[in-house]
Amino acid sequence: MSFEVQAAALGLTGAAVGLAAMAARVTAWRARRHAVGEVGTPIAGEHPSLREPYVLYFTTEQCSTCRLLQEPALARLAAPVRRVDAIAERELAERFAIFPVPSTVVIGSDGAAANVNYGFA
Amino acid sequence: MAASTVDHSALKVNQAGIILTILVAFAGSAFSVWFELLIPALAVVMLLGTWRPDLALFKQIYFNFLKPRGIVKPRVVEDSPVPHNFAQGLGGVFVVIASVLLPLSLLLALAVSLLVAVLAFINLAFGYCVGCQVYFLLGRTGVLKQA
């Protein structure tokens, strides 16, 4: 009886998970670099010259993390939130390089993205 | 908003069942080759459960045994079952790959199985469903048509 194969399998899995985590961080870093500074769309009815900071909230109809975690968190925010369906509004999702849902983008008073959070924040 | 509901306790029991089966196969493989057979058996259970949710073994254990006896409390939330089913199917495909690798390389078969267990654990412990994110990305890129 030997545990060599099991130990090697554990090591291999650990390495794969580590690499995947690193790849996810690099992807998020690159996406954030691309997205920060991109211009958001004004909330319907808002005058473009009278903008206040707001949050673009990217979600989908089938995102349970969005409903269970992100939406209660956003409900506590004082800033206005614009809900964006990342599949229906693909162009906007691509502009901010949205790869997981939920994702949130803070649009500053200049209309440009000041901060981007990929995943629950 | 999706009008359907999903019992998240059933999902958690399903994930726990997958993790437990893989860990037993992993540890048992050091003692007997018979334990390795749990991997193809799990592949069948996962794919069958994806195809027909009423045939999902671990969910049925929850609905017919754990829930009626109050061992696990239900947690029904407004949700769509589709991404969760997709995630299980994706996990099932990986377990099929592990099953195919079994006669070729036990090391790779165990590593792929453990990877599925790790992803199931991330979902169970932190509520982060990697398979659901893959489902979203396929929808966003237009590969998969989503409602």
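Numerical summary
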item: Label-point separation, B:Val100 to A:Ala79 (7 Å along Cα→Cβ), nm; result: 4.7
item: Accessible area, probe 1.4 Å, largest first, for residues B:Lys67, B:Lys145, B:Lys73, B:Lys59; result: B:Lys145, B:Lys73, B:Lys67, B:Lys59
item: Global geometry of the protein assembly as shown, whether rounded, prolate or oblate, following the gyration tensor of its Cα atoms and the 1.5 cut on a/c; result: prolate
item: Separation of the B:Leu137 and A:Val36 label points, Cα + 7 Å toward Cβ, nm; result: 2.3
item: Reachable lysines from B:Lys73, criterion Cα separation under 18 angstrom, eight or more residues apart if same chain; result: B:Lys12, B:Lys59
item: Neighbouring partner chain Cβ atoms per residue of B:107-118, average, 10 Å criterion; result: 5
item: Three-way shape label, the range B:21-75, alpha-carbon gyration tensor, a/c 1.5; result: oblate
item: Between the range A:1-36 and the range B:56-83, the Cα center-to-center distance that results, in Å; result: 31
item: Value at 222 nm in deg cm²/dmol, rounded to 500, when DSSP H runs of n ≥ 4 in chain A each add -39,500 (n - 2.57); result: -11500 deg cm²/dmol
item: For the range A:3-118, share of DSSP beta bridges that run antiparallel, in % to the nearest 5; result: 70
item: Gyration tensor verdict on the range A:3-118 (Cα atoms; rounded if a/c is under 1.5, prolate if a/b is larger than b/c, oblate otherwise); result: prolate
item: Rounded to 5, the percent of DSSP beta bridges in the protein assembly as shown classed as antiparallel; result: 75
item: Residue among A:Phe120, B:Gly17, B:Val72 farthest towards the positive dipole end of the protein assembly as shown, charges placed on Cβ; result: B:Val72
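The values are calculated or read from the model by the stated rules, or taken from the named source; none is laboratory data. These numbers come from a predicted model, not from an experiment. Cβ atoms come from the backbone with ideal geometry, glycine included; neighbour counts cover every protein chain shown. Accessible surface areas use protein heavy atoms only, side chains included; no ligands, DNA or RNA. Shrake-Rupley method; radii C 1.70, N 1.55, O 1.52, S 1.80 Å.
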